[in-house]
Amino acid sequence: MVPELEKLIESHDRIVFFGGAGVSTESGIPDFRSVDGLYHQKFKYPPETMLSHTFYETHTAEFFDFYRQKLIVHGAKPNAAHLRLARLEQQGKLRAVVTQNIDGLHQAAGSRTVYELHGSTLRNFCTRCGKFYPVSFIEEAGGKGDGIPRCTECGGIVKPDVVLYEEGLDEGVLNGAIGAISTADLLIVGGTSLAVYPAAGLLRYFGGSDLVVINKQPTPADSMASLVINEPIGQALGID
């Protein structure tokens, strides 16, 4: 618990949380840019390439192999940060969570208003007929043929509902996030380096009174913040 943060939370009732991969690392999900992150591991192609729309189109089987290995997680549970944010929403203080994560842990913790800027691994759709499939369908396809998940109805490729490099953000989600941030009186930014655009650019829509940044490393927003906390987010937001 951080007393200065608790005072700010207590004095605001239109709070929005904007988070990134650091929110989920305490649940055992690796991030992308830290020393042990995905981008520092050695692969045949750079991760940015393998998670691009072009690679998905031109190396589909390799894309799904990498996706199954590195982006689908098992057994992860919400941590103290996810649970506190859900509680703040239930108390009527938190208006929305805007997240760059694709793991669904905010919803698992009980948060209801969540704008998933980069989609979710839990949603998968046939690119031809639109039929929905759970994440288990993507996993099970790994042991069959070329490993490409194909719709049982029409044979189309079943694509995860995640935003790949070269793809645009969903307009409805983006507008919802902008609306939430622009009407917030306290914006808490946590677990993100603010290096990924256009997501990081959403901070420019904030015109409220207080900005809090919780991140282990410095961010471009630190100079604008009322409070900067350089510690794990679960530790900073947790109340037990």
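At-a-glance table
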{"item": "At R0 = 30 Å, FRET efficiency that the Cβ-Cβ distance of ILE157 and VAL196 yields, to 0.05", "result": "0.70"}
{"item": "The chain: most fluctuating residue of VAL114, VAL196, VAL135 per GNM, C-alpha cutoff 10 Å", "result": "VAL196"}
{"item": "Extended-chain gain in nm, criterion 0.36 nm per residue less alpha-carbon gap, GLU231 and TYR45", "result": "63.7 nm"}
{"item": "222 nm mean residue ellipticity, helices alone, for the chain (DSSP H n ≥ 4; -39,500 (n - 2.57); rounded to 500)", "result": "-7500 deg cm²/dmol"}
{"item": "Gain upon complete extension [ALA76, LYS131; 0.36 nm per residue less C-alpha separation]", "result": "17.2 nm"}
{"item": "Signed unit charges on C-beta, dipole axis of region 31-145, positive-most listed residue ILE102, ALA141, ASN79", "result": "ASN79"}
{"item": "Among GLY191, GLY130, GLY75, residue whose mean-square fluctuation peaks in a GNM of the chain (springs only between Cα atoms under 10 Å)", "result": "GLY75"}
{"item": "Listed residues THR58, THR183, THR127, most fluctuating in the chain (Gaussian network, C-alpha, under 10 Å)", "result": "THR58"}
{"item": "Helical segments meeting 30 Å axial Cα length and Kyte-Doolittle -1.0 threshold in the chain (DSSP H)", "result": "none"}
{"item": "The chain: relative contact order in percent, alpha carbon pairs under 8 Å with at least 6 residues between", "result": "25"}
{"item": "Volume of the Cα convex hull of region 1-117, divided per residue and given in Å³", "result": "115"}
{"item": "For region 80-163: relative contact order, % (alpha-carbon pairs under 8 angstrom, 6 or more apart)", "result": "25"}
{"item": "Percentage relative contact order, region 150-240, counting C-alpha pairs under 8 Å, at least six apart", "result": "22"}
{"item": "30 Å Cα-Cα threshold exceeded, pairs from LYS93/LYS131; LYS44/LYS131; LYS70/LYS144; LYS44/LYS159", "result": "LYS93/LYS131; LYS44/LYS131"}
{"item": "Residue (of THR183, MET1, PRO47) at the positive-pole extreme of the chain, dipole from beta-carbon charges", "result": "PRO47"}
{"item": "Alpha carbon centroid spacing (whole Å) that separates region 141-164 from region 100-134", "result": "16"}
{"item": "Within the chain: Cβ-based charge dipole about Cα centre, in debye rounded to nearest 20 (Lys, Arg +1; Asp, Glu -1)", "result": "300"}
{"item": "Backbone N within region 168-197 under 19 Å of label point (7 Å from THR113 Cα along the Cβ vector)", "result": "171-190"}
{"item": "Percent antiparallel among DSSP beta bridges (both partners in the chain, rounded to 5)", "result": "25"}
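Laboratory data are not the source of any read-out in this text; all were calculated from the coordinates shown. The shown structure was predicted, so the numbers you read here are calculated from the model rather than taken from an experiment. Ideal geometry is used to build each Cβ from the backbone, glycine not excepted, and the neighbour counts take in all protein chains shown.
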